[in-house]
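Taking it in order: structure first as structure tokens, then the write-up.
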Amino acid sequence: MGLVGWFMLLVIGVASKLMPMFLIVHKLPTQLLNRAYYLINGGLVLLLLGYSFYPQPWFLTISGLLVIGGIALFLRFNQIAFGKRLRKNLDVGMKMSAMGFILLAVTILLGLLSLLQPSFAGIYQIRIDLLYGILIIFGFLSSLVLGQTYKTLPFIIWLKKYHAKVGKTKVPLPQELYSDKVAKWHFYTYAAGIVLLIAGVLMASVWLIKAAAVFIFITAVLYNFNVFKILFHKEKTQ
């Protein structure tokens, strides 16, 4: 209830406003978001009632499928937004965000396998369950946070330092407050870390998981470098 009910709905609500704005796209099918809202909340209510009073597998499965269906509609909304965007070239922030939605789609597939537990999953079922939980946090949510930092934090700092100087003198752009090269590097290290993590969990390979941890650690260091570069930016005017 906390992760999907509060955090996921918060992310969906904010992303449904920010993504179209950053992509510069209009006239999106908001009915998809309306349906997603009712499906996710309805599924969560049924899950809560099911686990509390009627813990039958078929009832819990239907409830879970409603939540997954709502998230799938949210993904469809963003797919349309990316397809109709006027800004074709994506910066690092939007690439990270796009990766987050791809990882969310992978998470949904893993969630279905975890929920339905098909026979072909066999010995991989526990690994699938584990990976499902890991990718929600280290995949979708982390990627979205990493990406949206570059779309929001530089603008906030830029607005604080330069809003009174706009039009009076030449000021740097928000994206000039951080190192684009560093951002690109941690995009690659993060992607490598996630791929290794998925492979490591599915193959039960400790070495792959440790290698993934190294890449994700490098990502964290590079990301924090840029965050502090933005936070401690000194005014530059000409």
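Go through (1) in contact with a Phe, Trp or Tyr (Cβ under 6 Å, 6 or more places away or on another chain); (2) within 30 Å of R127 (Cα to Cα); (3) among the charged types (D, E, K, R) one by one and return the number of the condition K229 breaks. Of everything listed in (1) in contact with a Phe, Trp or Tyr (Cβ under 6 Å, 6 or more places away or on another chain); (2) within 30 Å of R127 (Cα to Cα); (3) among the charged types (D, E, K, R), K229 misses just condition (2). Only residues that are of a type outside the set (A, V, I, L, M) and under 30 Å from V92 (Cβ atoms) were counted across the range 22-49, and they come to 5.
Here is a check on your reading of the model: is L196 aliphatic (A, V, I, L, M) and either under 17 Å from G139 (Cα atoms) or in contact with a strand residue (DSSP E or B) (Cβ under 7 Å, 6 or more places away or on another chain) (or both)? When the stated conditions are applied, L196 passes them. Check whether at least one residue in the range 145-155 is touching a Pro at 6+ places or on another chain (Cβ under 6 Å) and either aliphatic (A, V, I, L, M) or buried (at least 21 other Cβ atoms within 10 Å of the Cβ) (or both), and report yes or no. For the range 145-155, residues touching a Pro at 6+ places or on another chain (Cβ under 6 Å) and either aliphatic (A, V, I, L, M) or buried (at least 21 other Cβ atoms within 10 Å of the Cβ) (or both): present. Looking at L3, L23, L9, L47, which is the one that is over 25 Å from F155 (Cα atoms), surrounded by 15 or more Cβ atoms within 10 Å (Cβ to Cβ) and at pLDDT below 95? None of the others qualify; the one that does is L47.
If the condition is being modelled with pLDDT under 85 and either of a type in the set (S, T, N, Q) or not in a helix (DSSP H, G or I) (or both), then the range 104-124 contributes S114, Q117, P118, S119. Looking only at residues that are β-branched (V, I, T) and surrounded by 19 or more Cβ atoms within 10 Å (Cβ to Cβ) in the range 69-99, which one is farthest from L153 (Cα to Cα)? Checking each candidate, the answer is I71. Every residue in the range 176-223 that is in a loop (DSSP other than H, G, I, E, B) and either touching a Leu at 6+ places or on another chain (Cβ under 6 Å) or touching a residue at least 40 places away in the same chain (Cβ under 8 Å) (or both), please. Scanning the range 176-223 gives Y178, S179, A204.
What residue, of F140, F101, is touching a Phe, Trp or Tyr at 6+ places or on another chain (Cβ under 8 Å) and either more than 30 Å from F232 (Cα to Cα) or modelled with pLDDT under 85 (or both)?
Among F140, F101, only F101 is touching a Phe, Trp or Tyr at 6+ places or on another chain (Cβ under 8 Å) and either more than 30 Å from F232 (Cα to Cα) or modelled with pLDDT under 85 (or both).
Considering the range 1-30, the residues that are β-branched (V, I, T) and over 16 Å from the mean Cα position of the chain (by Cα) include one that is farthest from G64 (Cα to Cα), namely I24.
Whether any residue in the range 164-175 is part of a helix (DSSP H, G or I) and either in contact (Cβ under 8 Å) with a residue 40 or more places away in the chain or more than 29 Å from A15 (Cα to Cα) (or both) is what I want to check.
The answer is yes, given that some residue of the range 164-175 is part of a helix (DSSP H, G or I) and either in contact (Cβ under 8 Å) with a residue 40 or more places away in the chain or more than 29 Å from A15 (Cα to Cα) (or both).
The values are calculated or read from the model by the stated rules, or taken from the named source; none is laboratory data. The shown structure was predicted, so the numbers you read here are calculated from the model rather than taken from an experiment. Reconstructed Cβ throughout: ideal geometry from the backbone, glycine too, with neighbour counts over all protein chains shown.
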